[in-house]
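Quick notes on the structure that follows.
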């Protein structure tokens, strides 16, 4: 029925088709594995053979500034004085009912002191929430803002380089830590 030459050509065609199918399957597997690796964040101890791989793909998060919501949640939970620097804004968080600055306040103010000495005006804004006695809250926010101003003055910032704003009541339902803060911005 078939000549010996036809069978040889059929075998060659089948071998080529089999090789192409195997290459396509291998390519699909490689792409799928690489795509899955890009969805799974590296485990602690990256590079170790014992690192656990999460079975559920996790979204990739760009490495940039710290997650502000996480920082604010940690501050609300701790109810202690702290300070954060976010670009051209320094935020002082205070313990409930207190106007004491965080221990590392001086280091956080270094950039603001330099900006003031270069001619910029530092705007100090205090905040409070709507719970409790409004007058007491406003007075505590004022005392906190004055504590920040005193720290700036102690670091050599001239009085005319500081603009002290009237304390503002927080609108909405921000965290308790956000309501107990004083911000310094540049003008």
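The values are calculated or read from the model by the stated rules, or taken from the named source; none is laboratory data. Just so we're clear, the structure is a prediction, and the values are computed from it rather than from any experiment. FYI the Cβ positions are ideal-geometry reconstructions off the backbone, even for glycines, and counts take in every protein chain you see.
Among residues that are surrounded by 15 or more Cβ atoms within 10 Å (Cβ to Cβ) and without any contact (Cβ under 8 Å) to a residue 60 or more places away in the chain, residue 177 is not included.
Across region 135-152, the number of residues qualifying as under 27 Å from residue 110 (Cβ atoms) and exposed (fewer than 14 other Cβ atoms within 10 Å of the Cβ) comes to 1. Pick from region 132-162 the residues that are touching a helix residue (DSSP H, G or I) at 6+ places or on another chain (Cβ under 8 Å) and not in a helix (DSSP H, G or I): which of them is nearest to residue 185 (Cα to Cα)? Selected residue: 162.
The single residue among 99, 115 that is within 27 Å of the chain's Cα centre (by Cα), more than 13 Å from residue 180 (Cα to Cα), in the same structural domain as residue 176 (by TED's automatic domain parsing) and not in a strand (DSSP E or B) turns out to be 115. Could you tell me whether region 149-166 includes any residue that is touching a residue at least 12 places away in the same chain (Cβ under 8 Å), at positive phi and assigned by TED's automatic domain parsing to the domain that holds residue 81? Within region 149-166, one or more residues are touching a residue at least 12 places away in the same chain (Cβ under 8 Å), at positive phi and assigned by TED's automatic domain parsing to the domain that holds residue 81.
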